[in-house]
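Remarks on the structure that follows.
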Amino acid sequence: MNDLADLVRARKECRLCMSRDPHKIRSGADYDFDPDVVSYWSQWLGHPQPEILIVAQDFGDTGYFERFRGRDQTNNATNNNLRKLLGYAGVEVAEPPAVDPNARVFLTNSVLCLKQPPMNAPISSRWVRACATNHLKPLIRRLKPSIVVGMGSHGWAAVRLALELHDTPGKISLAAGQSWCAGDGCRVFAVGHCGPLGLANRAWELQLEDWKKVGAELAHLHAVFETPSSNA
């Protein structure tokens, strides 16, 4: 699969987790207003050639999806906080949820389907494994981002699986604030989730420091690409 349209189709056609847990998870493709996107979150930031790919938890439950017709609500706390954190990394993005076609950021989640209510229903590790293998790995291969960020426990688990980062801490509490080089050459960062519950586990001040490190790597990459070759 080399085209995003193929990845959209794969997401819409996938029923693996629903076949295992039919009363716990549902595909957005069951709805006639299901957007033609790989990730619902990418409707805000979904650049086709991103410098940064961010992987978080999930889009929400079916009630949230139905209420806002497949898009994010205005004044979503996670999105507002992420916008501020990206700013600390030197990446200015439009106010969510309005699409920003210019920011070279792509947002996705460890689970692309929708939980059945309530919103805080648990995420199954096998859902994360299935999505990482069948959807996140080909997405990373297609987008080729310079930086991949695993945000929160499930986002980090998905990134570890998709990039086969076996020699890294499994727990986000141990991994947050660190970075590694993946086999494909991209730089991988582990950060806390910036939603209200995530902030209870990793304080805002620490998250700011984590994203400053992302920004430093991005600035380094820009400097490398902008430096004229000595052979020019």
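If I compute solvent accessible area with a 1.4 Å probe over the protein chains, what percent of it on segment 1-133 is carbon and sulfur?
47 percent
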Segment 60-155: Kirkwood hydrodynamic radius (Cα pairs, Å) comes out at 15.0 Å
Largest fluctuation, Ala200, Ala132, Ala190 only, Gaussian network model of the chain with Cα springs under 10 angstrom, belongs to Ala200
Once all protein chains are kept in place, Arg126 shows an accessible area at probe 1.4 Å, nearest 10 Å², of 90 Å²
Rg/Rh over Cα atoms for the chain, Kirkwood Rh, comes to 0.95
Rounded to the nearest 500, the 222 nm mean residue ellipticity computed for the chain from DSSP H runs (n ≥ 4, each -39500 (n - 2.57)) alone is -11000 deg cm²/dmol
Ignoring ligands and nucleic acids, His222 exposes an accessible area, probe 1.4 Å, in Å² to the nearest 10, of 70 Å²
Inter-part gap, Cα centre of segment 17-43 to Cα centre of segment 86-156, in whole angstrom, is 14 Å
In this structure, the FRET efficiency calculated for Met119 and Glu226 from their beta-carbon separation, with R0 = 41 Å, to the nearest 0.05, is 0.40
The correct ranking of Met151, Met18, Met119 by accessible area at 1.4 Å, largest first, is Met119, Met18, Met151
Mean accessible area per residue over the chain (1.4 angstrom probe, all protein chains present, square angstrom) is 48 Å²
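The values are calculated or read from the model by the stated rules, or taken from the named source; none is laboratory data. None of these values were measured; they are calculated from a predicted model. We place every Cβ from the backbone using ideal geometry, glycine too, and count neighbours over all the protein chains shown. We work out accessible area using only protein heavy atoms, side chains counted, and drop any ligands, DNA or RNA first. Shrake-Rupley method; radii C 1.70, N 1.55, O 1.52, S 1.80 Å.
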